[in-house]
């Protein structure tokens, strides 16, 4: 499936999960778009990292070689941090009495516990 379609599917799934967000906090739904984009991008990056590894060899000068973290691995780590922040924003906008989704490696899976006062 094309990346754009996968992102749209993820947006629909997330909007269903977070449908109970207060009406006056609906502006955070732009965050849903970001979370969907990051989730799908990270899935693609994960496949590249599994295939190509987390390091690349570089040549600096005529005889100087070394290894460094690959750009894909760097981007994956950055997106992971941003995804965690964006997800927290969405969860914080849920009514306190609602169950919140448990965060799994591939996104939100199940509603598992009552949200407590934070």
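Can residue 36 be described as outside any loop (DSSP other than H, G, I, E, B), modelled with pLDDT of 95 or more and in contact with a strand residue (DSSP E or B) (Cβ under 8 Å, 6 or more places away or on another chain)?
It is false that residue 36 is outside any loop (DSSP other than H, G, I, E, B), modelled with pLDDT of 95 or more and in contact with a strand residue (DSSP E or B) (Cβ under 8 Å, 6 or more places away or on another chain).
Could you list, in sequence order, all residues of the stretch 47-67 that are within 27 Å of residue 3 (Cβ to Cβ) and assigned to a strand (DSSP E or B)?
Once the filter is applied, which keeps residues that are within 27 Å of residue 3 (Cβ to Cβ) and assigned to a strand (DSSP E or B), the stretch 47-67 yields 55, 56.
For residues that are over 17 Å from residue 81 (Cβ atoms) and under 11 Å from the mean Cα position of the chain (by Cα), scanning just the stretch 22-35, find the one that is surrounded by the most Cβ atoms within 10 Å (Cβ to Cβ).
Going through the stretch 22-35, the residues over 17 Å from residue 81 (Cβ atoms) turn out to be 22-30, 32-33.
Next, from what is left, pick out any that are under 11 Å from the mean Cα position of the chain (by Cα): 32-33.
Working: 32: 21, 33: 16.
Of everything passing the filter in the stretch 22-35, 32 is surrounded by the most Cβ atoms within 10 Å (Cβ to Cβ).
Being more than 22 Å from residue 31 (Cβ to Cβ) and touching a helix residue (DSSP H, G or I) at 6+ places or on another chain (Cβ under 6 Å) is the requirement here; does residue 56 meet it?
Judged against the criteria, residue 56 is not a match.
For the stretch 87-96, does any single residue satisfy the condition of being out of contact with any helix residue (DSSP H, G or I) (no Cβ under 7 Å at 6 or more places or on another chain), modelled with pLDDT of 90 or more and surrounded by 12 or more Cβ atoms within 10 Å (Cβ to Cβ)?
Yes: the stretch 87-96 contains one or more residues that are out of contact with any helix residue (DSSP H, G or I) (no Cβ under 7 Å at 6 or more places or on another chain), modelled with pLDDT of 90 or more and surrounded by 12 or more Cβ atoms within 10 Å (Cβ to Cβ).
Could you list, in sequence order, all residues of the stretch 36-67 that are closer than 16 Å to residue 86 by Cβ and exposed (fewer than 10 other Cβ atoms within 10 Å of the Cβ)?
Selection gives nothing.
The values are calculated or read from the model by the stated rules, or taken from the named source; none is laboratory data. Since this is a predicted model, take the numbers as computed values, not measurements. Virtual Cβ from ideal backbone geometry, glycine too; neighbours counted across all protein chains shown.
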